[in-house]
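The values are calculated or read from the model by the stated rules, or taken from the named source; none is laboratory data. What you are looking at is a predicted structure, and each value in this text was computed from that prediction instead of being measured. Cβ coordinates were reconstructed from backbone atoms using ideal geometry, including for glycine residues, and neighbour counts include every protein chain displayed. Just so you know, the surface numbers come from the protein's heavy atoms only, side chains and all, with ligands and any DNA or RNA stripped out. Shrake-Rupley method; radii C 1.70, N 1.55, O 1.52, S 1.80 Å.
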Amino acid sequence: MIRIGILGTGGMALAHAQAYHAIENCELVAACDIDAKRVNEFALKHKIPEIYTSAAEMYEKANIDAVAIVTPDPFHHPLTLEAIAAGMHVLCEKPLALNKADAEEMRDAAKAAGIINMVNFTYRNSSAIQRASELVAAGELGTIRHVHAFYHQSWLVHDYWGDWRSSPTWLWRLSKSHGSAGVINDVGIHILDFASMPLGSLASVHCRLKCFEKDEGPQIGEYKLDANDSAVITAEFTSGALGTIHTTRWAYPHQNSLRLDLYGDKASIEIDLDQSFTELKINRKLGRKSMDWETLDCGQTPTVYERFIRSIETGEQDQPDFARGADIQSILDACHESSKTDKTIQIHPQ
Ligand SMILES: NC(=O)c1ccc[n+]([C@@H]2O[C@H](COP(=O)([O-])OP(=O)(O)OC[C@H]3O[C@@H](n4cnc5c(N)ncnc54)[C@H](O)[C@@H]3O)[C@@H](O)[C@H]2O)c1
């Protein structure tokens, strides 16, 4: 039985608790949050026996093999390094850190300690993206020349997930001084992982980030509303393919929409997670004839949570690991630099 503790018991911790409860050989034994009321309610709701209000205390006293770090972004780096020093396996929420240097430090510390490490790129739980990666690796799409990908949300213009104006859960995401690097690091990170999973990493990016004026003014309470809300990226992949990738919090009526289109010279694929997590559309060419779009059932794939627990059991590190998290972090850093300088930034040589 793998014994696990959750650190940070806000919105996303619910998905973690439900996932660990559903995995047979995993026991959720501890929860920790600096907000005592929140962690007590969370522990009661999810029947978690041990409750802590300090990470250091949980690391020292709880009888756990692994920790899930589900705090806001700025705490991922210090809390992960402490967990590694305490000998724990770590599943850290995305983004792994606030910058490439910190993410690489986490990657190197995890490797040196020999612990299982994973970053929660949740949309890999879609079997469609796993199957698309297999098809690309098998050469079924031929040469891919263009990639189009987006991740659209609209909680700044709709109350699907509550009123952002009065909720710290949403307000810290809009504020640089609360550790947010904007929509690109918050959810753009998922579409960057998604788009570069089948093709390999990015060689270079040119990116435009924008923080839009809000009717509420530039500040709500302690939260300055200064982090980017939209990002538009033109990317070149190490394979030579060109990509257009965008993400925003203003794309009403898209609540949480991810889409990836890959255009190859033998076949093209479209994945639309609003339609299905387990199906993709493929259009294969026969000679110079275009075939009809075909829907491919991609079956099931283990979730990141299941991969994490299985990796601890077998000792075999699965993906997405900290090295992948650090690579994506280097793309994010390049996007910020590009937006600041209005220049194309090289990431990996082609
Ligand atoms: N993988 C995904 O699809 C996905 C989805 C949503 C959020 N996230 C990530 O999950 C993380 C948490 O997001 P959220 O929406 O749950 O935020 P949240 O603000 O709702 O909850 C964060 C919780 O962490 C607690 N906390 C802060 N500092 C702490 C510390 N030092 N020790 C212990 N607890 C601490 C806060 O009190 C709060 O209860 C973020 O990094 C976010 O990017 C990932």
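Every condition in (1) open to solvent by 20 Å² or more (accessible area, probe 1.4 Å); (2) farther than 24 Å from A15 by Cα; (3) of a type in the set (A, V, I, L, M) holds for L280 except the one numbered (1).
Taken over the stretch 222-253, residues that are in contact with an Asp or Glu (Cβ under 8 Å, 6 or more places away or on another chain) and over 17 Å from H148 (Cα atoms) amount to 3. Of the residues making up the stretch 177-208, those that are of a type outside the set (A, V, I, L, M), touching a residue at least 40 places away in the same chain (Cβ under 8 Å) and away from the ligand (no atom under 16 Å from the Cβ) are S196, P198, S201, S204, H206, C207, R208.
Out of the stretch 200-216, which residues are among the aliphatic types (A, V, I, L, M) and surrounded by 21 or more Cβ atoms within 10 Å (Cβ to Cβ)? Full working, then the answer.
First, pick out the residues of the stretch 200-216 that are among the aliphatic types (A, V, I, L, M): 202-203, 205, 209.
Answer for the stretch 200-216, where residues must be among the aliphatic types (A, V, I, L, M) and surrounded by 21 or more Cβ atoms within 10 Å (Cβ to Cβ): L202, V205, L209.
Among the residues of the stretch 159-170, those identified as within 23 Å of K224 (Cβ to Cβ) and either open to solvent by 10 Å² or more (accessible area, probe 1.4 Å) or basic (K, R) (or both) are D159, W161, G162, D163, R165, S166, S167, P168, T169, W170.
Has the stretch 36-54 got at least one residue that is open to solvent by 10 Å² or more (accessible area, probe 1.4 Å) and either under 16 Å from the mean Cα position of the chain (by Cα) or within 25 Å of H190 (Cα to Cα) (or both)? Checked the stretch 36-54: no residue is open to solvent by 10 Å² or more (accessible area, probe 1.4 Å) and either under 16 Å from the mean Cα position of the chain (by Cα) or within 25 Å of H190 (Cα to Cα) (or both). Within the option set D265, D292, D261, D327, being at pLDDT below 95, closer than 22 Å to G200 by Cβ and of a type outside the set (G, A, S) holds for one residue only, D265.
Please list, ordered by residue number, the helices (runs of 4 or more DSSP H) wholly in the stretch 73-144 having 1 or more residues that are buried (at least 23 other Cβ atoms within 10 Å of the Cβ) and outside the structural domain of S177 (by TED's automatic domain parsing).
76-85, 100-113
The residue pairs whose first member lies in the stretch 255-282 and is aromatic (F, W, Y), whose second member is open to solvent by less than 50 Å² (accessible area, probe 1.4 Å) and not in a strand (DSSP E or B), and whose beta carbons are closer than 6 Å, counting only pairs six or more residues apart or on different chains, are F277/S126.
Is one or more of the residues making up the stretch 175-195 more than 27 Å from P78 (Cβ to Cβ) and in a strand (DSSP E or B)? No: the stretch 175-195 contains no residue that is more than 27 Å from P78 (Cβ to Cβ) and in a strand (DSSP E or B). Residues in the stretch 171-185 that are of a type outside the set (S, T, N, Q) and either crowded, with 22+ Cβ neighbours inside 10 Å or in contact with a Phe, Trp or Tyr (Cβ under 6 Å, 6 or more places away or on another chain) (or both): L171, R173, L174, H178, A181, G182, V183, I184. For the stretch 284-311, the set of residues classified as open to solvent by less than 30 Å² (accessible area, probe 1.4 Å) and of a type in the set (V, I, T) consists of T301, V304, I309, listed by residue number.
If you check A31, A15, A68 for being open to solvent by less than 60 Å² (accessible area, probe 1.4 Å) and free of Cβ contacts under 8 Å to residues at least 40 places away in the same chain, only one passes: A31.
Matching residues to (1) among the aromatic types (F, W, Y); (2) within 17 Å of the chain's Cα centre (by Cα); (3) open to solvent by 10 Å² or more (accessible area, probe 1.4 Å):
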residue: P218; (1), (2), (3): no, no, yes
residue: D226; (1), (2), (3): no, no, yes
residue: L242; (1), (2), (3): no, no, yes
residue: L258; (1), (2), (3): no, yes, no
residue: G264; (1), (2), (3): no, no, yes
residue: L273; (1), (2), (3): no, yes, yes
residue: S276; (1), (2), (3): no, no, yes
